[in-house]
Every structure is written in structure tokens, then in C-alpha cells.
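Written below as C-alpha cells is the structure these notes are about.
The values are calculated or read from the model by the stated rules, or taken from the named source; none is laboratory data. Nothing here was measured: the structure is a model prediction, and the numbers come from that model. Methodologically, a virtual Cβ is constructed for each residue, glycine included, from the backbone with ideal geometry; neighbour enumeration extends over all protein chains shown.
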Amino acid sequence: MATERRAEVRWHGSLLEGTGTIDSTTSGAFGGLGVTWKARSDDEHGGLTSPEELIAAAHAACLSMALSGGLARADTPAEELRTTATVTFQPGEGITRVALTVEGTVPGLDEDGFRAAAETAKENCPVSKALAGVPEITLEARLT
């Protein structure tokens, strides 16, 4: 069964000086998050978020889920996965890179097996597929 997720955003003003708020989401898990151009294009974000930060969170969660599922199907379930996604945004160009790192504790699996499972998860997670137009998506995977 298909599912739909929704987020509502209000924006006031111009791109560079304006401000926005992510008011609500389908789940109600978050809302009231401020967004600005400065948070998107400057390292000094002042507690505000950006589309790229939200994409990074989505990609890290998606990769973790896909890898967890793949490992369980291979009868080598993970005890723990820690995933980081870093999204690079270049004003005027867009998202130019996503760097994924996943560390896992997976009894019964060697380093090569873990890397292969992580690569398969990266290629097949829905967020990776949605970001297929990003020029560079890298993956570093290692056991802990």
C-alpha cells in the first residue's frame, strides 16, 4: 500500500532576506522549524534548518532502514547502525554531493560483507533513488 507524507511550510519575504517555518508534518513529529536562505548557504545557521539538512536526515534514516532490512534478510541482523549523511549545497548549482558514512555492529559478518550490504542498501533505498541526479554520492562503511 502506498503512503503519503506531507509537510506544510510558510515563507515570508524575498529569498535572501525572507524567513520560513515548517509548520507541520503528517506525523506531527516536528513542526515550528525555522528555515532561511542564510541557514542554507552559510555555516552560521543560528538554530535554523535548511532543506539540505532535512534531506541529510532523511537519507541517513533511509540508508539505516534499508541496510537493517538487508542484513536481517541475510540472517546477519545488526545490533546497531550509526549513519551520517552530509549534504553539500553550492549556491547557484544546488546539491553537489552527499557523503554517507555508516558504522555497524553486526555479529557474524566480516568487513567486506558489511561494505557490500551497505552499498546495496545505498543503491536501493528510496531516498538514494530520489537523489539520483546528485553528481556525487559516496559511501564509507565499516564495522565497529
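Computed quantities for the displayed model
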read-out	value
Selection within the range 24-43 - surrounded by 12 or more Cβ atoms within 10 Å (Cβ to Cβ) and closer than 18 Å to Ala58 by Cβ	Ser24, Thr25, Phe30, Gly31, Leu33, Val35, Ala39, Arg40
The one condition in (1) part of a helix (DSSP H, G or I); (2) within 20 Å of the chain's Cα centre (by Cα); (3) of a type in the set (A, V, I, L, M, F, W, C) that Val87 fails to fulfil	(1)
Qualifying residue in the range 125-136 (condition: touching a residue at least 24 places away in the same chain (Cβ under 8 Å), in a helix (DSSP H, G or I), within 16 Å of Ala58 (Cα to Cα) and in contact with a Ser or Thr (Cβ under 8 Å, 6 or more places away or on another chain))	no
Any pair with Cβ under 7 angstrom, 6 or more apart, that starts in the range 65-77 at a residue that is under 20 Å from Leu100 (Cβ atoms) and assigned by TED's automatic domain parsing to the domain that holds Ala117 and ends at one that is part of a helix (DSSP H, G or I) and of a type in the set (Val, Ile, Thr)	Gly70/Thr120
Meets criteria (under 18 Å from Val127 (Cα atoms), hydrophobic (A, V, I, L, M, F, W, C) and modelled with pLDDT of 95 or more) for Ala72	no
Any hit, the range 111-120, residues being in the same structural domain as His59 (by TED's automatic domain parsing), basic (Lys, Arg) and more than 20 Å from Leu54 (Cβ to Cβ)	yes
Residue match in the range 50-61 (condition: surrounded by 18 or more Cβ atoms within 10 Å (Cβ to Cβ) and among the polar types (S, T, N, Q))	yes
Residue ID - surrounded by the fewest Cβ atoms within 10 Å (Cβ to Cβ), chosen from residues in the range 70-84 that are assigned to a helix (DSSP H, G or I) and among the hydrophobic types (A, V, I, L, M, F, W, C)	Ala72
Yes/no for Gly34 being on the phi > 0 side of the Ramachandran plot and either part of a strand (DSSP E or B) or modelled with pLDDT under 95 (or both)	no
Residues satisfying the stated conditions in the range 101-130, i.e. of a type in the set (Val, Ile, Thr), buried (at least 16 other Cβ atoms within 10 Å of the Cβ) and within 14 Å of Ala141 (Cα to Cα)	Thr101, Val102, Val106
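Quick grid of which residues meet (1) β-branched (Val, Ile, Thr); (2) more than 19 Å from the chain's Cα centre (by Cα); (3) farther than 21 Å from Pro126 by Cα:
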site	(1), (2), (3)
Arg6	no, no, no
Trp11	no, yes, yes
Val35	yes, no, yes
Lys38	no, yes, yes
Thr49	yes, no, yes
